[in-house]
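Data block below; observations after.
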Amino acid sequence: MADLASTLRAELQRYSVGQRLPASRELVARHRVSPVTLSRAIAALAAEGLVVSRPGAGVFRAEPRRPAAPAGDVSWQEVALSADEGARGVGAATVVAMLTVPPAEVVDLSSGYLHPSLQPEQALAAALARAGRRPGVWGRPPVEGLPDLRAWFAADVSGDSGGDLGGRPGGVDRSAGQPLTASDVLITGGGQGALTTALRSLASPGAPVLVESPTYPGTLAVARAAGLRPVPVPVDPEGVRTDLLADAFAATGARVFVCQPLFQNPTGAVLSAARRPEVLRIARAAGAFVIEDDFARGLVHADAPTPPRPLAADDPDGVVVHIRSLTKTTSPSLRVGGLTARGPAWDRLRAAQVVDGFFVPRPLQEAALELVAAPAWRGHLRRVAAALAQRRQVTVSELLRQTPLLMSSHVAHGGYHLWLRLPEGSDGGELATTAARLGVAVSSGRAYFAAEAPAPYLRLSYAGAAGTGQLAEGVALLNRACTELGITVK
């Protein structure tokens, strides 16, 4: 094909711009090639801009490409952007790095999304097809979201959806509490969009916002981009330290605390039964909101005990603003979430979302509703719960067998990640860089701290790898990186 393309490229000089080349049958006979080879050669010339193919008319010599215009001078932007340097774009590099897909040959132990083999691709395709046939699907939805989808999220937060937590009926403790309703829910463009709306609505630029330490880097990025000042509150295996939370509220005057009570990212901690009411009491006394990022609600492993219900389900006073997304249990492209609040805060959240983006596209909402209402939804969640449990067991076993890393005594039976403390003197960033060069992507722990990290850490994800065999391969490559850097347990 390359030889034919070269020959045709030279022959183009015989034709004027816009002139038609000989018919395909004539070119095939002249050059003694197959029609497929000719088609590929013509396609190569078209990609170079040398010819234009017009179906039904033939192939024509194209207009010569004009020389590229001289590049503009954008250096003035350095001055303009530096005026707001402290408040905009800070932390975006970490988020971009998290969203960058590693090359196909790299073992992905960094991704926060399910591997395609775990995603419900057939169910999603069927849901999209059904949604596309719904009357009015391309019309304008209510700005708050479709009523039925809002009702599903409200039932999910209250523990009454019956289709979550690995598809196990009764998987949530449905003890007494004031149920949330559809009118308490806003449909958002995924969890990150909901978090952005909540922080921008509930805190003013320049204000402090309390965050867990360590915490999800996306929270830090959103807070800083909104001009807020993240203040870290340490986490231990029982969740946020409530004694230090009270001190942080008193010292800073903060009016917002962002937390992940269930399988916290990155530590995997679950807020203990003793601390749950304390978080609500302390925030209420401080006149503050608790933004509950419930990202792992659908990622409870098959061998896990029944998880606690969301904080929002036990909060009749509107202290908790709850965030729940379908993305983590489905696909990174199904960016549909629910933002739940009670009282006047809901109106402010809605106003901020409407100003920012009007509404979530109706076809996407309709598809999400079709997906969670389908019989296949519960089966999908059961498969994910079983697969994540198996992946966790294999990853932990391989780490203990192969690497000198200090395994945490706490391994969560939910989520998709492990939080590994490295030996003193290690550099998590250097280890992540070396591991990437050897063919495995991992996350340095430094990005998970709002202030100085108290020790070197590494976060591993077992959701994005192709399977258990690749997880074992990834751990072996990580072990090679440790050996190369001289990292050992002392």
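The values are calculated or read from the model by the stated rules, or taken from the named source; none is laboratory data. Bear in mind that the values here come from a model prediction, so they are computed numbers and not experimental data. Virtual Cβ from ideal backbone geometry, glycine too; neighbours counted across all protein chains shown. Surface accessibility is based on the protein's heavy atoms, side chains included, excluding ligands, DNA and RNA. Shrake-Rupley method; radii C 1.70, N 1.55, O 1.52, S 1.80 Å.
Annotations for the structure displayed:
- Close contacts from the range 12-35, counting a first residue that is surrounded by fewer than 14 Cβ atoms within 10 Å (Cβ to Cβ) and a second that is of a type in the set (A, V, I, L, M, F, W, C), with Cβ to Cβ under 8 Å and a gap of 6+ residues or different chains, come to V17/A62; G18/F60; Q19/F60; R20/A57; R20/V59; R20/F60; S34/V28; P35/V28.
- For the residues A312, A304, the requirement of being surrounded by 24 or more Cβ atoms within 10 Å (Cβ to Cβ) and in contact (Cβ under 8 Å) with a residue 12 or more places away in the chain singles out A312.
- Within the set A71, A83, the sole residue that is modelled with pLDDT under 75 and more than 30 Å from Y448 (Cβ to Cβ) turns out to be A71.
- Members of the range 467-486 that are modelled with pLDDT under 90 and assigned to a loop (DSSP other than H, G, I, E, B): G486
- Of all the numbered requirements in (1) outside any loop (DSSP other than H, G, I, E, B); (2) modelled with pLDDT of 95 or more; (3) not β-branched (V, I, T), L262 misses one, and that requirement is (1).
- Only one of the listed residues (S397, S408) is closer than 22 Å to Y216 by Cβ and hydroxyl-bearing (S, T, Y). That residue is S408.
- Matching entry among F358, F295 (being in contact with a Gly (Cβ under 8 Å, 6 or more places away or on another chain) and open to solvent by 10 Å² or more (accessible area, probe 1.4 Å)): F295
- Positions within the range 176-200 being over 13 Å from G357 (Cβ atoms), of a type outside the set (A, V, I, L, M) and surrounded by 23 or more Cβ atoms within 10 Å (Cβ to Cβ), in sequence order: G191
- Which listed residue is among the charged types (D, E, K, R), open to solvent by 20 Å² or more (accessible area, probe 1.4 Å) and under 30 Å from A127 (Cα atoms), from R421, R401, R383: R383
- Any chance S325 is among the polar types (S, T, N, Q) and touching a helix residue (DSSP H, G or I) at 6+ places or on another chain (Cβ under 7 Å): yes
- Within this structure, A435 passes the test of being open to solvent by less than 40 Å² (accessible area, probe 1.4 Å), in a helix (DSSP H, G or I), of a type outside the set (S, T, Y) and farther than 30 Å from P307 by Cα.
- Single residue of the range 467-484 satisfying the filter (free of Cβ contacts under 8 Å to residues at least 60 places away in the same chain and open to solvent by 40 Å² or more (accessible area, probe 1.4 Å)) that is nearest to R391 (Cα to Cα): G469
- Residues that are outside any helix (DSSP H, G or I) and modelled with pLDDT under 90, drawn from the range 175-224: S175, A176, G177, Q178, P179, L180, T181
- All positions within the range 222-266 that are under 11 Å from I282 (Cβ atoms) and open to solvent by less than 30 Å² (accessible area, probe 1.4 Å): V233, V240, T242, L245, A248, F249, F257
- Residue match in the range 272-289 (condition: small (G, A, S) and touching a Pro at 6+ places or on another chain (Cβ under 8 Å)): yes
- Selection status of T219, touching a residue at least 60 places away in the same chain (Cβ under 8 Å), under 23 Å from the mean Cα position of the chain (by Cα) and within 20 Å of R150 (Cα to Cα): no
- The residues of the range 112-131 that are modelled with pLDDT of 90 or more and in a loop (DSSP other than H, G, I, E, B), listed by number, are Y113, L114, H115, Q119, P120.
- All of (1) in contact (Cβ under 8 Å) with a residue 24 or more places away in the chain; (2) surrounded by fewer than 23 Cβ atoms within 10 Å (Cβ to Cβ); (3) under 24 Å from V222 (Cα atoms); (4) of a type in the set (K, R) hold for R459 with one exception: (2).
- In the range 323-352, the residues that are closer than 22 Å to F257 by Cβ and basic (K, R) form Cβ pairs under 9 Å with partners that are part of a strand (DSSP E or B) and open to solvent by 10 Å² or more (accessible area, probe 1.4 Å), at six or more places apart or across chains, as follows: R324/D293.
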